[in-house]
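The values are calculated or read from the model by the stated rules, or taken from the named source; none is laboratory data. As the structure is a prediction and not an experimental result, all values here were calculated from the model. Reconstructed Cβ throughout: ideal geometry from the backbone, glycine too, with neighbour counts over all protein chains shown. Heads up: the accessible areas ignore ligands, DNA and RNA and are worked out on the full protein's heavy atoms, side chains in. Shrake-Rupley method; radii C 1.70, N 1.55, O 1.52, S 1.80 Å.
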Amino acid sequence: MRSAPAIGAALTLACGCNFAPAHVRPALPTPEAFPAEYAGDSTPGTRAPGIGWRDFIEDPRLEALVGTALTKNRDLAIAVARIEEARGLYRIQRAERLPTVDVNANATKTHIGANAGSGVPAGATAATFESYSVGAGVSIFELDFWGRVRNLSDAARSQFLATVQAQRAFRLSLIRDVASTYLASVEAAEQIRLAEATVESRREGLRIAQVRFDAGITSALEYRQAESLLTQAETDLAGLRLTKARSENALAVLVGGPAAGDLPDALPLARQASAITLAAGLPSELLVARPDIIGAEEQLRAADANIGAARAAFFPSISLTGSLGFASAELGHLISSGSKTWSFGPSLNVPIFNLGRSKGNLIAAKARQTIAIASYERVIQTAFQEVSDALAGRRYLAEQVAAQERGTMAQRQIAELARIRYNEGVVSYLEVLDAERNLFAAEQTLLQLRRAEAENLIALYVVLGGGAIERQ
């Protein structure tokens, strides 16, 4: 006969069984470094996760709007509520690993009459019986020999942690979306000021053309050309005002409503780019910096744990029920050594005829693991692409802005020379028309590129894992 310590050791060993596959992080499905031509690793920089978003954003108005969005955005509130939901589900599943103890108390009084029926002896008188009981009991507590309950608890925990990371990822994307929408609004405002100045200039040009036409100096063609130039600017102005209105409406939704109080003045697009130089780092650093990647790995952990639970379902399960308390026919003698009661009963459940169901659950669990691995690798590849695109944008958009600034300066000089030559009668008004059209287009393009550069730098900060903290 085995000794008690041997039996205890055997039970401990049995309870330590775990059929879940060991979690192994898949190999990095991307190159080991970002493209050297625009990664800029030779330039000293700061890692994005260590920079607070308030420190990275230069515009005080944008900073205030992002702060409001992180407090009032409705989608972010939903994400936070989902964390609480997942936390509750995890607590429920974790509670299955501990026995449920119920305390109960009963009092009954039974009266049997003299003529109650054949069960009462002849000549017996009526009687009243009383009984009292109090105790605590454990109802169907599964001994987790094969780790089924433990794996289900681990899966619920990983699902909860994945939900936390999803909320963090949404928070970062919200910073990016607010910045992008805000910069679009700032660009539209500057485009409107440019268009308004252009409209005023062309109205003056049309007035001068009218005077010259009335004096017989020029033909009706030049007057109509000046009129066409004005209507084009007026059309562009109306379209820009529509764009600005839509951007502000979208920004109000992202922020969660009208911003409270007076906001600081916005910076011009030329000053929106952050002065902080971001270091690209290595793709492997994204595994611990990006919440979407961390969340995908938690989903993979949950899939591994579910395989363990599905495998454990093939083995018998043992459950225990028991109670301990007091019972007596007199309330005054209820709590006494002579009225102690107890019960204990194990039950064994052996899966025999549900083998097909268990196999189906295991196949499904393995398929979900395959999906989780592919999803994890896909998230990493997407992150690598986002960082690579933003790094390329940092270099080439800066080059575009510099070239466009030079081109706009040259186009402005061309327009001035064309106006002077026209006033001197050297060229036709058509040359002035073309020069002013080209200047207006060049100035619009410069504003678009400046907005794209500022937006790209915010995107680079976010995709590198920045935005998780308020300050350094």
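Worth pointing out:
- Residue check, Leu230 in a helix (DSSP H, G or I) and at pLDDT 85 or above: yes
- Selection from segment 196-230 of residues that are closer than 15 Å to Ala435 by Cα and among the polar types (S, T, N, Q): Thr198, Ser201, Gln225, Ser228
- In segment 21-68, the residues that are in contact with an Asp or Glu (Cβ under 7 Å, 6 or more places away or on another chain), open to solvent by 40 Å² or more (accessible area, probe 1.4 Å) and of a type in the set (Gly, Ala, Ser): none
- Any hit, segment 263-277, residues being touching a Ser or Thr at 6+ places or on another chain (Cβ under 7 Å) and assigned to a helix (DSSP H, G or I): no
- Consider segment 403-424 and keep the residues that are at pLDDT below 85 and either in a helix (DSSP H, G or I) or touching a helix residue (DSSP H, G or I) at 6+ places or on another chain (Cβ under 8 Å) (or both). The one that is least open to solvent (accessible area, probe 1.4 Å) is Tyr422.
- Single match in Ser185, Ser153, Ser158, Ser173 (criterion: part of a helix (DSSP H, G or I) and within 11 Å of the chain's Cα centre (by Cα)): Ser173
- The C-beta contact set for segment 51-75 (first residue on the phi < 0 side of the Ramachandran plot, second residue among the aromatic types (Phe, Trp, Tyr) and open to solvent by 20 Å² or more (accessible area, probe 1.4 Å), distance under 7 angstrom, 6+ apart or interchain) comprises Asp75/Phe170.
- Checking Arg168 against (1) at pLDDT below 85; (2) in contact with a Pro (Cβ under 7 Å, 6 or more places away or on another chain), the condition it does not meet: (1)
- Per-region count, segment 39-51, residues part of a helix (DSSP H, G or I) and modelled with pLDDT under 70: 0
- Looking only at residues of segment 1-38 that are in a loop (DSSP other than H, G, I, E, B) and over 30 Å from Pro283 (Cα atoms), we find that the one that is modelled with the lowest pLDDT is Met1.
- Yes/no for Arg246 being of a type in the set (Lys, Arg), at pLDDT 90 or above and either more than 27 Å from Arg171 (Cβ to Cβ) or under 49 Å from the mean Cα position of the chain (by Cα) (or both): yes
- Under the condition of being of a type in the set (Asp, Glu) and under 45 Å from the mean Cα position of the chain (by Cα), the residues counted in segment 403-420 number 1.
- Some residue of segment 196-208 being within 58 Å of the chain's Cα centre (by Cα), open to solvent by 70 Å² or more (accessible area, probe 1.4 Å) and in contact (Cβ under 8 Å) with a residue 40 or more places away in the chain: yes
Per-residue answers, yes or no, for (1) crowded, with 19+ Cβ neighbours inside 10 Å; (2) charged (D, E, K, R):
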{"position": "Arg394", "(1), (2)": "yes, yes"}
{"position": "Leu397", "(1), (2)": "yes, no"}
{"position": "Val426", "(1), (2)": "no, no"}
{"position": "Thr445", "(1), (2)": "no, no"}
{"position": "Ala454", "(1), (2)": "yes, no"}
{"position": "Gly467", "(1), (2)": "yes, no"}
{"position": "Glu470", "(1), (2)": "no, yes"}
